[in-house]
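Handing you a structure now.
The values are calculated or read from the model by the stated rules, or taken from the named source; none is laboratory data. These numbers were taken from a predicted model, which means no experiment stands behind them. Glycine also receives a Cβ, built like all others from the backbone with ideal geometry; neighbour counts cover every protein chain displayed. Only protein heavy atoms, including side chains, enter the accessible area calculation; ligands, DNA and RNA are left aside. Shrake-Rupley method; radii C 1.70, N 1.55, O 1.52, S 1.80 Å.
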Amino acid sequence: GVWKHSKSEGHDDYGLLVSEKARKYAIVNELNEPVSLKDGSTVLQYETRFQNGLECGGAYLKYLRPQEAGWKAKLFDNESPYSIMFGPDKCGATNKVHFILKHKNPKSGEYVEHHLKYPPSVPSDKLTHVYTAILKPDNEVRILIDGEEKKKANFLSADDFEPPLIPAKTIPDPDDKKPEDWDERAKIPDPNAVKPDDWDEDAPMEIEDEEAVKPEGWLDDEPEEIDDPEATKPEDWDDEEDGEWEAPKIDNPKCETAPGCGEWKRPMKMNPAYKGKWSAPLIDNPNYKGIWKPQEIPNPDYFELDKPDFEPIAAVGIEIWTMQDGILFDNILIAKNDKVAESYRETTWKPKFEVEKEKQKAEDESTDSDGLSGVQKKVFDVLYKVADIPFLSEYKLQILDLIEKAEKQPNITIGVIVSILVIILTVLFRLLFGGK
């Protein structure tokens, strides 16, 4: 892919532009000296704008380790070792602002990718947005979009990173086997139950309604369909090749005003005697031992950690694959003070954003019925936030898939909202009542 130094649409401000669709892009800039992440706070911030929208592609940055780790600037690619990967990525069911820490395991010496759990979603518009990650000395990381905190996490918490930086103290014993007589059935058929004498397993589910009466005016001698009187045999019809010609059928017009035509039959109704196949009722299993789990043993790979062993940042790179063009990067900042980052947001990002937002508002008001209205855009923004709710994490991919379908087909927006509400209610009922 070809990078271009280009103006942001509607501004005199320049940025680094992804100029072609369906390409891989890579570009890297080495810092004058590496930045340590171990001393005090560190702020990673940059702006990006999807001028043509983003259906499938990444717009994240990679903060690379020193070249002693085994890479060269002219050979920068997806294998080049990084310390942190941060920024938006959207394609299909993927819709998130990545934060990935590549951390060296002190026992194995291997570098492991640790992904932030439940990351925020990517704003779904064509405006300039500023992404900020603040790494604090107390092991906290904060993710901001447009200066608003979207996620707070702790590097050492298993609830916030997958896999966790600190392994579990114990693990299931891989050599432990479930005993053959272990009974996991909470309920069993009552062995003393007997089928009642009046239980008829052969009774049909439906029977004729003997009380039904043929409606007055029913036309017994009239068929429901008749030959089309206006149809004529085509001139090129060959009886030998095409067979005997028959006029096409049409609905019998005499039946339109009558309650019905043809042979009248009593309708069916549910059989009050129907009970189906008999089965013994379930009772508590006296031999129930619960769901078997292997016993826990000390984890041989466990280690303690007071702070992450951050690798320094020696370069900043963009290494992405995208189906979209028009992605613009600007104002890439590494700072030790979040006030510096805040100042950049106020002076470089906010003026552009306000201009773009007003222009977008005017376009929304003039959007025709085939496009997304301003109200729908706000609805989608809310739905993306709903998808980020932690207790819905099991269904996040389904929800994001629904939202993306609705963005492409605005006429089904209401149906998608109802579908998502059904998912939420399902989860709530499961939490409240358990089981199915």
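Roll a 1.4 angstrom probe over the protein heavy atoms and tell me the percent of accessible area of the chain that is carbon or sulfur. Walk me through the numbers on the way to the answer.
Working: 13290 of 26340 Å².
Here carbon and sulfur together make up 50 percent of the probe-accessible area.
Using only the alpha-carbon atoms, what does region 21-101 span along each of its principal axes? Please give whole angstrom values in decreasing order.
Computed over the Cα atoms, the extents are 36, 31, 21 Å.
Counting alpha carbon pairs within less than 8 Å and at least 6 residues apart, what relative contact order, in whole percent, applies to the chain?
Computed value for the chain: 27 percent relative contact order.
Compare Lys289, Lys62 by solvent-accessible area with a 1.4 Å probe and give them largest first, with all protein chains kept in place.
Result of the area sort, largest leading: Lys289, Lys62.
Could you give the nm distance between label points at Glu394 and Lys289, where each point is 7 Å from its Cα heading toward the beta carbon?
2.7 nm
Using the beta-carbon distance between Asp221 and Asn52 and R0 = 56 Å, what value does 1/(1 + (r/R0)^6) give for FRET efficiency, to the nearest 0.05?
0.25
Something else: Suppose we keep just the alpha-carbon trace of region 1-43; what are its Rg and Dmax in angstrom?
15.5, 41
Just to confirm the filter: which GluC sites (Glu not before Pro) across region 160-227 are DSSP coil and have at most 15 other Cβ within 10 angstrom of their Cβ?
Listed in order of number, the matching sites are Glu180, Glu184, Glu201, Glu210, Glu211, Glu216, Glu224.
Obtain the radius of gyration and the Kirkwood radius of region 307-363 from its C-alpha atoms and give Rg over Rh.
1.08
Hey, another quick one. When the solvent-accessible surface of protein heavy atoms is calculated with a 1.4 angstrom probe, in what order do Cys91, Cys56 fall, highest first?
Sorted by accessible area, descending: Cys91, Cys56.
As an exercise, identify the chymotrypsin sites (Phe, Trp or Tyr not before Pro) in region 145-217 lying in DSSP coil whose Cβ has no more than 16 other Cβ atoms within 10 Å.
Counting only loop positions with at most 16 other Cβ atoms within 10 Å, the chymotrypsin sites (Phe, Trp or Tyr not before Pro) in region 145-217 are Trp182, Trp199.
Let me ask something else. Taking a probe of 1.4 Å, how large is the accessible area per residue of the chain, in Å²?
Per-residue accessible area for the chain comes out at 60 Å².
Shape call for the chain from the C-alpha gyration tensor, a ≥ b ≥ c root eigenvalues: rounded (a/c under 1.5), prolate (a/b greater than b/c) or oblate?
The shape class here is oblate.
Under a GNM of the chain (C-alpha, springs under 10 Å), which listed residue has the highest mean-square fluctuation: Ala362, Ala69, Ala258?
Maximum among the listed residues: Ala258.
Another question about this same structure. Give the dimensionless ratio obtained when the Cα radius of gyration of region 109-180 is divided by 2.2 N^0.38 Å.
Here the answer is 1.60, to two decimals.
Any idea what the relative contact order of region 119-239 is, in percent, if you count C-alpha pairs under 8 Å spaced at least 6 apart?
Computed over region 119-239, the figure is 10 percent.
May I ask you to list the GluC sites (Glu not before Pro) in region 61-135 that are in a DSSP loop and have at most 15 other Cβ atoms within 10 Å of their Cβ?
Hits after loop and neighbour filter: Glu79, Glu110.
So for region 221-298, what are the equivalent ellipsoid semi-axes in whole Å, largest first, each being the square root of 5 times an eigenvalue of the Cα gyration tensor?
Details: eigenvalues 843, 151, 30 Å².
Three semi-axes, in Å: 65, 27, 12.
Can you tell which of Ile283, Ile188, Ile250 shows the greatest fluctuation in a Gaussian network model of the chain with Cα springs below 10 Å?
Answer for the Gaussian network model of the chain: Ile250.
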